[in-house]
Amino acid sequence: MRCRFCSKTIDTTLIDLGHTAVSNAFLNANDLNKAETTYPLKVLVCDNCFLVQVDEFQKNNEIFTEDYVYFSSVSEGWLKHSKAYVEKVTNRFALNKNSLVTEIASNDGYLLQYFKEKNIPCLGIEPTNSTAQLSIAKGIENIIEFFGEDLAIRLKKEGKQSDLIIGNNVLAHVPELNNFVRGLKILLKPSGVMTFEFPHLIKLIEKKEFDTIYHEHFSYFSFYFICNLFKFHGFEVFDVEQLETHGGSLRVYVKHKENEQQPITENVTILLNSELQKGINKINFYTGFQEKAIDIKNKFLLYILSEKQKGKQIIAFGAAAKGNTFLNYCGLKNDTIKCVVDDTPYKQNKFLPQSHIPVVSREYFNNHKPDIIIILPWNFKNEIINKLSFTKEWGCQLVTYIPELEIN
Ligand SMILES: [Zn+2]
């Protein structure tokens with residue numbers, strides 16, 4: 001395939017996770033007897049620009065269906081994170097009632113609601129109708145479309161250039177990266193700033209977070225690559241923060257190259273140098289990842305299957321996309337893991353793709369006392385262990401498996 005950024009032919013594999021269904025394609029009971037589409041989930045790395053990217057060019061409308069079930073507001077931790085962000089940028093960039101804040105992939109308005117509370121005008125861009133409707137219900141203006149150059153031209157014509165553009169966990173989902181960033185160049189006011197949050201590739205590799213790879217993601221970013229991407233399109237990264245979210249994320253601050261109001265902080269140089277020291281621009285950095293994934297899979301299977309043989313009741317908690325990657329890579333089905341408890345009403349009474357494990361509500365615990373609960377969204381491990389502390393009454397084991405098997 002050709003690199004999605006620099007167009008060079010690439011053939012170095014970071015990891016091959018086999019054929020898997022789209023992670024968020026939850027099934028209804030009547031889907032279980034139908035054929036399921038799976039796609040090869042193989043991640044490559046370009047040895048020219050070092051963009052880590054998936055092999056398969058999946059069409060947007062196949063992935064973000066009307067039934068797309070990721071509602072940000074369900075996680076309390078994520079809401080807290082979002083509120084703190086709004087406080088911070090409102091002060092730092094002196095946002096007020098004359099500013100315009102635009103969020104791309106604004107989901108259910110989990111973040112923009114805090115700008116609205118402060119009477120700062122905001123606009124959400126969210127292609128998934130079901131989630132956008134929840135945002136509209138909160139009184140937030142929404143455009144139900146994918147973002148790109150065409151939409152940016154239209155918004156500019158309508159006088160909707162932005163003082164702050166936010167993209168949280170969206171860059172990885174963008175198939176046409178260059179088109180997207182060209183759109184940003186058009187939409188951002190000359191004095192405006194942008195922030196983007198995305199899982200940090202360095203953390204993904206160092207902490208062996210291979211389950212954060214799924215079809216909905218087209219790319220995985222190092223800070224090195226992100227700086228080069230924005231530079232190529234006439235922007236400059238002027239600050240960066242390292243966050244704990246999603247197993248280790250970056251929040252980068254970006255401005256037009258011509259804008260001299262925002263000085264470049266030393267955080268940028270420090271992180272860039274640290275990545276270069278680790279060999280981020282050398283192909284050797286990217287090899288050996290597959291073996292790490294196999295090791296995690298084997299150790300987890302040895303544990304879970306031996307417990308199953310002893311007659312233990314095993315369930316999972318949190319029907320997150322990363323759980324599907326992991327369960328499918330391990331080849332586990334509903335004969336090993338009985339069900340997955342999830343607090344999102346939209347996911348309940350559905351089935352995980354491929355493994356066909358039923359998703360149930362917390363009411364499950366009224367009549368069942370499982371011996372083992374596997375926590376699939378390990379990025380919310382502490383929050384979930386806290387939520388499930390009542391299961392300690394009967395000595396239930398709470399298990400995570402990344403970066404290594406851990407039994408709490
Ligand atoms: Zn490339």
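The values are calculated or read from the model by the stated rules, or taken from the named source; none is laboratory data. Keep in mind that what you see is a predicted model, and the values were worked out from it rather than measured. Every residue, glycine as well, gets a Cβ built from its backbone with ideal geometry; the counts of neighbours run over all protein chains shown. Surface areas here come from the heavy atoms of the whole protein model, side chains and all, with no ligands, DNA or RNA. Shrake-Rupley method; radii C 1.70, N 1.55, O 1.52, S 1.80 Å.
Please list, ordered by residue number, the helices (runs of 4 or more DSSP H) wholly in the range 114-231 having 1 or more residues that are modelled with pLDDT of 95 or more and within 25 Å of L276 (Cβ to Cβ).
177-187, 201-206
Just the residues that are of a type in the set (A, V, I, L, M, F, W, C) and crowded, with 20+ Cβ neighbours inside 10 Å, please, taken from the range 397-408.
V399, I402
Which members of the range 295-334 meet the condition of being more than 22 Å from K369 (Cα to Cα) and not hydrophobic (A, V, I, L, M, F, W, C)?
D295, K297, N298, K299, K322, N324, T325, N328, Y329, G331
Can you confirm whether the range 240-247 contains a residue that is within 20 Å of V43 (Cα to Cα) and of a type outside the set (G, A, S)?
yes
Return only the number of the condition from (1) out of contact with any helix residue (DSSP H, G or I) (no Cβ under 6 Å at 6 or more places or on another chain); (2) open to solvent by 10 Å² or more (accessible area, probe 1.4 Å); (3) over 24 Å from S82 (Cα atoms) that H233 does not satisfy.
(1)
Only residues that are part of a loop (DSSP other than H, G, I, E, B) and among the small types (G, A, S): list them for the range 232-253, please.
G234, G248
What pairs come out if I take residues in the range 2-17 that are under 22 Å from R182 (Cβ atoms) and pair them with residues that are polar (S, T, N, Q) and within 7 Å of the ligand (Cβ to nearest atom) whose C-beta lies under 7 Å away, six or more apart or interchain?
C3/N48; C6/N48; K8/N48
Based on this model, can you work out whether K88 counts as modelled with pLDDT under 90, away from the ligand (no atom under 16 Å from the Cβ) and open to solvent by 70 Å² or more (accessible area, probe 1.4 Å)?
no
Tally the residues that are within 16 Å of L164 (Cα to Cα) and not aliphatic (A, V, I, L, M), restricting the search to the range 113-141.
Total meeting the criteria: 10.
Select from the range 3-19 the residues that are within 16 Å of the ligand (Cβ to nearest atom) and β-branched (V, I, T) and write down the one among them that is surrounded by the fewest Cβ atoms within 10 Å (Cβ to Cβ).
Filtering the range 3-19 for residues that are within 16 Å of the ligand (Cβ to nearest atom) and β-branched (V, I, T), the one surrounded by the fewest Cβ atoms within 10 Å (Cβ to Cβ) comes out as T9.
Can you name the residue in the range 20-59 that is surrounded by 14 or more Cβ atoms within 10 Å (Cβ to Cβ) and hydroxyl-bearing (S, T, Y) and is also farthest from the ligand (Cβ to nearest atom) among such residues?
Within the range 20-59, the match that is farthest from the ligand (Cβ to nearest atom) is T38.
With the structure loaded, tell me whether N298 is within 21 Å of I213 (Cβ to Cβ), of a type outside the set (D, E) and in contact (Cβ under 8 Å) with a residue 40 or more places away in the chain or whether it fails that test.
no
Give the residues of the range 131-176 that are touching a residue at least 40 places away in the same chain (Cβ under 8 Å) and touching a Lys or Arg at 6+ places or on another chain (Cβ under 8 Å), sorted by residue number.
Passing the criteria: Q161, S162, D163, P175, E176.
Can you find a residue that is acidic (D, E) and within 24 Å of L17 (Cβ to Cβ) anywhere in the range 330-340?
For the range 330-340, residues acidic (D, E) and within 24 Å of L17 (Cβ to Cβ): present.
Does L271 satisfy being in the same structural domain as T212 (by TED's automatic domain parsing) and under 18 Å from the mean Cα position of the chain (by Cα)?
Criteria not met by L271.
Failed condition for E66, given (1) among the charged types (D, E, K, R); (2) away from the ligand (no atom under 16 Å from the Cβ); (3) modelled with pLDDT of 85 or more, with all others met?
(3)
Out of P190, P199, which single residue is open to solvent by 10 Å² or more (accessible area, probe 1.4 Å) and touching a helix residue (DSSP H, G or I) at 6+ places or on another chain (Cβ under 8 Å)?
When all the criteria are applied, what remains is P199.
Restricting the search to the range 246-305, which residues are under 28 Å from L332 (Cβ atoms) and aliphatic (A, V, I, L, M)?
Hits for the range 246-305 are A293, I294, I296, L301, L302, I304, L305.
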